[in-house]
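Taken together, the values in this text are just the output of simple stated rules run on the coordinates, not laboratory data. On a predicted model such as this, the values are computed, not experimentally measured, just so you know. Here the Cβ positions follow ideal geometry from the backbone for every residue, glycine too, while neighbour counts run over all protein chains shown.
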Amino acid sequence: MNAFKKYLAEFIGTFVLVFFACGTAVVTKCSTDNLGGYLLTALAFGLVIVAMAYSVGNVSGCHINPAVSIAMLVSGKMTFLDFIGYVVAQFAGAIAGAAALMAFVGKETGLGSNGLYDGNIIKSFIIEIILTFVFVFTILGVTSKVQNGAVAGLVIGLSLVLVHILGIAFTGTSVNPARSFGPALFAGGDYLKNVWVFIVAPLVGGVLAALCYMFLDGKKEEPKE
């Protein structure tokens, strides 16, 4: 597969994730006081993954998340060069998605940015590691068998809904460095100041998920060219 096509697919997928899912969080005023908006936001994130998995999944694998890509790198399922290309494309897509969203709702809305839980960096860091671990661990498991191909996108999307149902109340749920960086870049303020938490913690969670799954699975694949 042409590398540019894979990177473009990742750009498009991440753009859609930020524009539609973060956009849903904004327009529904997602909060624990608004159960409808809360659940719709969780569903939006999952449904975007389902939609993109069955549209660009055959091109790039539909990572649209640096935490997923780093897990694939650690697992030996992608090369370092591809990892860099994917991450650049994902961040670019997230920035473009946030910019497009801002044009409609304004940066004052926060653009679906993540925030610290109780203003506590350590608690926020730990919850994001846990949420990302579960999400990426699920991806590694469901994609480990070819026969799961037909349902993999649905399972992954539902797992993202799951982590959002719990995680939104804590940090707004990142589990995706690119998804967090795009909105924070334009929202600014504390969102941008603390965005490093939502970049580093998901990457740590992704690496831990890969290492754990490799231990349980007992094998490591050779990197794909």
- Projected label distance in nm at PHE215 and GLN147, using a 7 Å step from Cα toward the beta-carbon: 2.8
- Note on the structure: Per the rule of 0.36 nm per residue minus the C-alpha distance, extending ALA100 to ILE84 adds in nm 3.3 nm
- Taking Cα pairs closer than 8 Å and at least 6 residues apart, the relative contact order of the chain in percent is 31
- Can you sort PHE135, PHE91 so the residue with the fewest Cβ neighbours within 10 Å comes first? PHE91, PHE135
- Message: Using the alpha carbons of segment 78-191, what is the convex hull volume per residue in cubic angstrom, as a whole number?
- Response: 124
- Note on the structure: To the nearest 20 debye, segment 3-217 has a Cα-centred charge dipole, built from +1 on Lys and Arg Cβ and -1 on Asp and Glu Cβ, of 260
- Message: From the helices alone, meaning DSSP H stretches of at least four residues, give me the mean residue ellipticity at 222 nm for the chain, per-run term -39500 (n - 2.57), in deg cm²/dmol to the nearest 500.
- Response: -22000 deg cm²/dmol
- Query: Just going by the charge dipole of the chain, with Lys and Arg at +1 and Asp and Glu at -1 on Cβ, which of SER174, ALA210, MET52 is farthest out on the positive end?
  - Reply: MET52
- Out of CYS212, CYS30, CYS22, a Gaussian network model of the chain with alpha-carbon springs under 10 Å gives the largest mean-square fluctuation to CYS212
- Between [x] 104; [y] 165; [z] 137, the structure-derived volume of the Cα convex hull per residue in Å³ is [x]
- Across 10 Å bins beginning at 0, the whole-percent shares of Cα-Cα pair distances in segment 149-219 come to 18, 38, 32, 10, 1
- Message: For the chain, set up a GNM with springs between Cα atoms under 10 Å and report which of VAL197, VAL27, VAL155 has the largest fluctuation.
- Response: VAL27
- Query: In the structure displayed, which of LYS6/LYS193; LYS5/LYS29; LYS5/LYS107; LYS107/LYS193; LYS123/LYS145; LYS6/LYS77 lie more than 25 Å apart, Cα to Cα?
  - Reply: LYS6/LYS193; LYS5/LYS29; LYS5/LYS107; LYS123/LYS145
- Message: Can you give me the Rg/Rh ratio for segment 1-122, using Cα atoms for both radii and the Kirkwood formula for Rh?
- Response: 1.02
